[in-house]
Each structure stands twice: as structure tokens, then as C-alpha cells.
Amino acid sequence: MSVVGEHATFRSARPGDAVALAALERLVNPSPWTESQFNSACSAQAGASTERALLACADRQALGFVVYSLILDEACIHNIAVHPLRQGRGLGRSLLNAALAEAVRSGATRCHLEVRATNQAARGLYEGLGFRLDGVRKNYYPTATGREDALLMSMPLTELENQT
Ligand SMILES: CC(C)(COP(=O)(O)OP(=O)(O)OC[C@H]1O[C@@H](n2cnc3c(N)ncnc32)[C@H](O)[C@@H]1OP(=O)(O)O)[C@@H](O)C(=O)NCCC(=O)NCCS
């Protein structure tokens, strides 16, 4: 099935989505989350978790997702991915914007995340939206040849509050 030309719609993840999210994750991440790691975000609608997941779909196929959590007034991005055939066309930015808007509606005033120092695409996405560096966890992530730093970033959601 082609995923290039389809128009994507967004919806909250449901319990049955964990399999599709794990399959998409395996396409883009050398150390992918497992299906069970997606389960809690996909159960959020039942109120069973602080984690939530938003999906971009076309023709019932998952093209992208963002997993985030909400604790009191703090949001945290845990994972985001876009299908390789749909990357570079604005879907990642739209997904993240949609998750941040949803977080603001739920009362979040700040959002945090963590990213591999070598992940230029993700860093560009986050910096472009207004995330700024808070600190570095040295040698946090394993790589094929050793370890690399994790960058800790955050942004205030106060400006978004006026737009939602
Ligand atoms: C990171 C990711 C989600 C971005 O999704 P995307 O749909 O390709 O990104 P978008 O097209 O919305 O691009 C938004 C911004 O991200 C940055 N960006 C995207 N791809 C990039 C690349 N290959 N190199 C550098 N910057 C890039 C740019 O700043 C871009 O803004 P611009 O188009 O105005 O230049 C996607 O590349 C992906 O799934 N990567 C694999 C999984 C991953 O690394 N997740 C992050 C975990 S922290």
C-alpha cells in the first residue's frame, strides 16, 4: 500500500493500535520500543494512564505518532515517529503541534523532552517549534559503536495557550 500521497487525519490512539505503532517504530528506530511499551499510551482513553498517543492515519494505515505524558501542568514528549516515506513533508511538525495543543487544553504550561545529540532531524523539529536546551546527560544512549549524549530540552506552552 502506498503511503506517499494519502491525506493524513489525526486521532487518539486506541488499545488495538499498539501493534501498528510498534511496526512503524521498527521502520525508523534502530532501538525500537516494543508493543508493550505502546500499550499504556494506547489505553489512555480509558483513563488508565498518564501517557497518551496521537496517530496520523490515512486509509487506516498509521503514518506517524507522538507519545506524550501529562502530569499536573507538565507535558513530556516520549516518542515521535513518521513513516520513512512521509518524512520531510511537515507531518512530524503537525503531529507535535497537535499534541502540544492537546496538552495545553489539558492544563499543561511547559513541555519537556530528551533527544539523541546526533538526531539532527528531531533536533531541527524541536528547535523550530521553540524547544531550547536545558542540559546534557553525558553518554546516556547506547549506539552501535559506543554511547552518545542525551540533550534535555523544554519550552513554555504559554504562547500556545492563546491559540487553543
Ligand atoms: C523526527 C521526525 C519525527 C520528523 O518528522 P518529519 O515529518 O520528517 O518532519 P517535518 O517534515 O515535519 O519537519 C519539521 C522540521 O524538522 C526538521 N527536519 C526534518 N527532517 C530533517 C532532516 N532530515 N534533517 C534536518 N532537519 C530535519 C526541520 O527543521 C523541519 O523544518 P523545515 O521543514 O522547516 O526545515 C522524523 O524524522 C522521524 O520519524 N525520525 C525517526 C524517529 C525519531 O528520530 N524520532 C525522534 C525521537 S526523539
Q | Residue in segment 122-136 that is charged (D, E, K, R), at pLDDT 95 or above and either part of a strand (DSSP E or B) or farther than 24 Å from Pro30 by Cα (or both) present | A | yes
Q: Could you tell me whether Ala62 is touching a residue at least 40 places away in the same chain (Cβ under 8 Å), assigned to a strand (DSSP E or B), more than 9 Å from the ligand (Cβ to nearest atom) and not basic (Lys, Arg)?
A: yes
Q.
Between a residue in segment 102-114 that is in contact (Cβ under 8 Å) with a residue 60 or more places away in the chain and any residue that is among the aliphatic types (A, V, I, L, M), which pairs come within a Cβ distance under 6 Å, given they are 6 or more apart or on different chains?
A. Val104/Leu157; Val104/Leu160
**Q.** Qualifying residues in segment 105-125 (those that are crowded, with 19+ Cβ neighbours inside 10 Å and closer than 12 Å to Glu74 by Cβ) - the one nearest to the ligand (Cβ to nearest atom)
**A.** Leu113
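Looking only at segment 70-92, filter to residues that are within 19 Å of Thr109 (Cα to Cα) and within 10 Å of the chain's Cα centre (by Cα); which one of those is surrounded by the fewest Cβ atoms within 10 Å (Cβ to Cβ)? Talk me through it step by step, then tell me what you get.
Within segment 70-92, the subset within 19 Å of Thr109 (Cα to Cα) is 70-78.
Checking which are within 10 Å of the chain's Cα centre (by Cα) leaves us with 76-78.
Numbers: Cys76: 19, Ile77: 23, His78: 16.
Among residues in segment 70-92 that are within 19 Å of Thr109 (Cα to Cα) and within 10 Å of the chain's Cα centre (by Cα), the one surrounded by the fewest Cβ atoms within 10 Å (Cβ to Cβ) is His78.
The values are calculated or read from the model by the stated rules, or taken from the named source; none is laboratory data. None of these values were measured; they are calculated from a predicted model. Note that we place each Cβ from the backbone using ideal geometry, even for glycine, and neighbour counts take in every protein chain shown.
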